Amino acid sequence: MDGPHDLGGKEGFGPIDVTSPPFRHEWERRQWALSKTSDKGAMGGSIDAWRHTLELLPPAVYHAVPYFEKWCIQSLCVLVRDGGVSLDEVVRAADATPEGPGTARIWSVEDAVEAVRANEAFFDADPGEPPAFEVGERVRTLRHGSPGHTRLPAYARGAVGTVTAHHGGHIYADLSAEGLEEGRHLYTVAFTAPELWGGTADPRDTVLLDLWEPYLVPA
Amino acid sequence: MDGPHDLGGKEGFGPIDVTSPPFRHEWERRQWALSKTSDKGAMGGSIDAWRHTLELLPPAVYHAVPYFEKWCIQSLCVLVRDGGVSLDEVVRAADATPEGPGTARIWSVEDAVEAVRANEAFFDADPGEPPAFEVGERVRTLRHGSPGHTRLPAYARGAVGTVTAHHGGHIYADLSAEGLEEGRHLYTVAFTAPELWGGTADPRDTVLLDLWEPYLVPA
Amino acid sequence: MAFDRDKTAHIHRELHSHLPPDPALRVKALESLAVERGYVARETLDAWIEAYSERIGPKRGAEVVARSWVAPDFRQRLLDNAGMAVREFGYEGHATGHLKAVENSDSVQNLVVCTLCSCYPFALLGMSPIWYRSAAYRARAVREPRKVLAEFGVTLPEAVGVRVWDSTAELRYLVVPQRPAGTEGWPEDRLAALVTRNAMIGTQRDLALPDTDGPG
Amino acid sequence: MAFDRDKTAHIHRELHSHLPPDPALRVKALESLAVERGYVARETLDAWIEAYSERIGPKRGAEVVARSWVAPDFRQRLLDNAGMAVREFGYEGHATGHLKAVENSDSVQNLVVCTLCSCYPFALLGMSPIWYRSAAYRARAVREPRKVLAEFGVTLPEAVGVRVWDSTAELRYLVVPQRPAGTEGWPEDRLAALVTRNAMIGTQRDLALPDTDGPG
């Protein structure tokens, strides 16, 4: 979707605050910690469904609220949509003093570190057919995005680039967001900066994207 | 520029509030009235410079604040940038009780109505060369926008359409925003919905844009 | 003088972060400065507000549409050059210099939008409705005009294609709706009373007769 | 189960308009619900915070980079398959399954971004810096990487081209900066102390030696 998340190349943003640390506020740390449970049960779903839910935030909200607040609304949305929690329950939970200890097992720091290690996910999936393109070949990206989740950013649509790597089949994000795990060939494609941004861009520079085969046609 | 104003085709917005009147708040009426003086002196500039100043609002602000508040910040920005007003003076003016009557002539309602009538602006300007395209011809829009002000929306870039009208030379917005009044041939170009939005769009529908010749190449 | 983008964006950021968040106070700041600097008198603002609430509004456009229904020669002048044609009413002015009239038909529904800002034929239709300047309308009208029309209660007959006019230059658009059946012989002023602002933007297709409760 | 876009967007709007605006209260709501429903224990959240503040961070990546400088066979394994190579340290995990190492050279500066969200090799570099997830960085890194680098204090030599890696799929990128001159014979741990988080994302080019005040 052509949502507010598709920021590549958009203009009007100011300078970058280059000194900022990973966290500024305690609630940000807690949201990050909460997100570590986000692939469990009703708070989760595939990474692609997770991203798509985030992309569907109203544009004004997406642009205005802090980063981790978006994650929080995303998780609350999933709880309401898929977890049997009502909107009223969410609003009351913001107001109420947290209740007792709950029923979940308590993890140690060691458990958390090990969970990070065990979370080494692989996205390989057999595409069921030979690749359409080979390294060195020129390809053109589609002009149109997809009405749903997609990982071809607007700035790289309708552009000609060169395949620099073939990664075999990977789970295709566009279908994965819809709950279907299907493999498609994944490539890295290099675009010159002038191809993407026009003649005033620096010809020494390139932008490389990892793109699935359905995004590409022969140049 | 690929700024926050370029909304055509962007997704994630909710339903339209179809019942809304022209104004909801008194401050909106006053801002509208204030904007009627915006082409006078330090509050003005060309319509294209006016638009470009508005487009340069930070994206989070552009998306979040009400419509007429954008106009207000736009005018305040011009006062600071071109009108010798300091940021401090603006901030104080928000706080202070308005002072005496000022020096401007008082207009009657009749004066205002007549000013609207007299504001019948024409944008014709000699392009100095014959048109490159004729009605019925197929044209392709450029893939790239301009780093400055431009009126080729992102959704209509790199698309093939048909010229349906030629309007002679009109002041070219891209240069006008920079203070240069130069004519370029202006055309209406019709694009089919599937050309703009892909195969799922309704083939009965078309979108028509008024586009200057520098945005177009032969299809 | 070339446009200084960086400086403009910097001032925007400074203003937004230092001004109080209430838009009424921001407008108050602008009004105070404009009055103090002699750009406008406070009473003139009241005059502008009254001009646009009492004098300049969609009734003007409705009169133009009604005449095009009853006077074939006027209709032709309107289609040839709407900017000149509205001068016959004295309704020329702000944003009508390059006005274009586009007629609905049994196979066409016209719809006007400005995706890049909020261009509108003010002198002819008055101030635009809030929805016309909303991000949702600007974003969606070009991409999914039929869903947009459905939200306005409009369902198009099978044969009708939508023509969406995106006002990207200084041309402005007036949609001329179809004259409703059952109005044969009506005088211009009675016909004009049927023509709504939404119909002249294109978000209403069928005009309702006073005695009916047809779809808006 | 197909993804219900309209329902999701509707819930977002409802939540945003009914929840208190303070993000801390919103997170409190999520925490309360998650604890109450048994998805996570409150103490586990503290464990996660400590894991990412004390155990999992850019020092991991720095060790990997340092070894690639001193051990040519490891360097080759890293370039061939970085995800497998970091297993030699036990640093595999969240978002390293398809890790790719990209080396800077006298003619190349690599820069990593995720324009569509905020993908990052968490198990190797810890939580990302705020700037990496900022709209400004995500928007600008692909379009004007040299201006972005300049804001980080980096001026590139004439011969250097920028390669911007936009993490659009599940591959993740580790930039391997150039080993600084004057570090011949240094042990791995002393070299690792030179390698910064920014250098492994690509917003720092020259690594500073401890005694110098070179550009960050």
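Return the residue satisfying two criteria in turn: it lies in region A:185-202 and is in a strand (DSSP E or B) and either modelled with pLDDT under 95 or surrounded by 21 or more Cβ atoms within 10 Å (Cβ to Cβ) (or both), and of such residues it is nearest to the other protein chains (Cβ to nearest Cβ).
If we filter region A:185-202 for residues that are in a strand (DSSP E or B), which is where we start, we get A:185-192.
So of that shortlist, the ones also either modelled with pLDDT under 95 or surrounded by 21 or more Cβ atoms within 10 Å (Cβ to Cβ) (or both) come out as A:185-189, A:191.
Numbers: A:His185: 11, A:Leu186: 6, A:Tyr187: 9, A:Thr188: 8, A:Val189: 10, A:Phe191: 9 Å.
Looking at the filtered set, the residue picked out is A:Leu186.
With respect to D:Thr155, is the statement that it is modelled with pLDDT of 95 or more, in contact with a helix residue (DSSP H, G or I) (Cβ under 9 Å, 6 or more places away or on another chain), more than 12 Å from every other protein chain (Cβ to nearest Cβ) and in a loop (DSSP other than H, G, I, E, B) true? Answer is yes for this residue.
In region B:160-173, which residues are of a type outside the set (Phe, Trp, Tyr) and either modelled with pLDDT under 95 or crowded, with 22+ Cβ neighbours inside 10 Å (or both)? Spell out the reasoning first.
Just the residues of region B:160-173 that are of a type outside the set (Phe, Trp, Tyr), to begin with: B:160-171, B:173.
Listed by number, the residues that qualify are B:Gly161, B:His170, B:Ile171, B:Ala173.
Those residues that are surrounded by 13 or more Cβ atoms within 10 Å (Cβ to Cβ) and assigned to a helix (DSSP H, G or I), I need them from region A:97-117; list them, please. Hits for region A:97-117 are A:Val109, A:Asp111, A:Ala112, A:Val113, A:Glu114, A:Ala115, A:Val116, A:Arg117.
All conditions in (1) part of a helix (DSSP H, G or I); (2) more than 8 Å from chain B (Cβ to nearest Cβ); (3) over 15 Å from the mean Cα position of the chain (by Cα) hold for C:Gln109, with the sole exception of (1).
Scanning region C:186-215 for residues that are charged (D, E, K, R), in contact (Cβ under 8 Å) with a residue 12 or more places away in the chain and loosely packed, with under 12 Cβ neighbours inside 10 Å turns up just one, C:Asp189. Being within 30 Å of A:Ala33 (Cα to Cα) and within 14 Å of chain B (Cβ to nearest Cβ) is the filter here; which residues of region A:101-148 pass it? A:Gly148, the sole residue that qualifies.
Assessment of region D:179-187 against the conditions (among the aliphatic types (A, V, I, L, M), in contact with a strand residue (DSSP E or B) (Cβ under 7 Å, 6 or more places away or on another chain) and more than 14 Å from chain A (Cβ to nearest Cβ)) yields no matching residue. Among the residues in region C:80-93, are any buried (at least 23 other Cβ atoms within 10 Å of the Cβ), at the interface with chain B (Cβ under 9 Å from one of its Cβ atoms) and under 10 Å from the mean Cα position of the chain (by Cα)? The answer is no, given that none of the residues of region C:80-93 is buried (at least 23 other Cβ atoms within 10 Å of the Cβ), at the interface with chain B (Cβ under 9 Å from one of its Cβ atoms) and under 10 Å from the mean Cα position of the chain (by Cα).
Is at least one residue of region C:57-79 surrounded by 16 or more Cβ atoms within 10 Å (Cβ to Cβ), part of a helix (DSSP H, G or I) and facing another protein chain (nearest Cβ under 9 Å)? No, region C:57-79 contains no residue that is surrounded by 16 or more Cβ atoms within 10 Å (Cβ to Cβ), part of a helix (DSSP H, G or I) and facing another protein chain (nearest Cβ under 9 Å). I'd like the full set of residues that are out of contact with any Lys or Arg (no Cβ under 9 Å at 6 or more places or on another chain) and of a type outside the set (Ser, Thr, Tyr), limited to region D:167-185. Within region D:167-185, D:Glu170, D:Val175, D:Arg179, D:Pro180, D:Ala181, D:Gly182, D:Glu184, D:Gly185 meet the criteria.
Among residues belonging to region A:203-219 that are assigned to a loop (DSSP other than H, G, I, E, B) and at the interface with another protein chain (Cβ under 7 Å from one of its Cβ atoms), point out the one that is nearest to D:Val164 (Cα to Cα). So that I can check it myself, show each step before the final result.
Quick first cut of region A:203-219, residues assigned to a loop (DSSP other than H, G, I, E, B) only: A:203-205, A:219.
Subset that is at the interface with another protein chain (Cβ under 7 Å from one of its Cβ atoms): A:204-205.
Details: A:Arg204: 11, A:Asp205: 8 Å.
Within region A:203-219, the match that is nearest to D:Val164 (Cα to Cα) is A:Asp205.
Return yes or no: is B:Ala94 within 9 Å of chain C (Cβ to nearest Cβ), more than 18 Å from C:Ala41 (Cβ to Cβ) and surrounded by 18 or more Cβ atoms within 10 Å (Cβ to Cβ)? For B:Ala94, the condition - within 9 Å of chain C (Cβ to nearest Cβ), more than 18 Å from C:Ala41 (Cβ to Cβ) and surrounded by 18 or more Cβ atoms within 10 Å (Cβ to Cβ) - is met.
Scanning region C:138-154 for residues that are touching a residue at least 24 places away in the same chain (Cβ under 8 Å) and either farther than 18 Å from B:Trp197 by Cβ or over 14 Å from the mean Cα position of the chain (by Cα) (or both) yields a count of 9. Summed over region D:173-185, the residues that are in contact with a helix residue (DSSP H, G or I) (Cβ under 8 Å, 6 or more places away or on another chain) and buried (at least 18 other Cβ atoms within 10 Å of the Cβ) give a count of 5.
The values are calculated or read from the model by the stated rules, or taken from the named source; none is laboratory data. Being a predicted model, the structure only gives us computed values, none of them experimental. In this analysis, Cβ positions are derived from the backbone assuming ideal geometry, glycine residues included, and neighbour counts consider all displayed protein chains.
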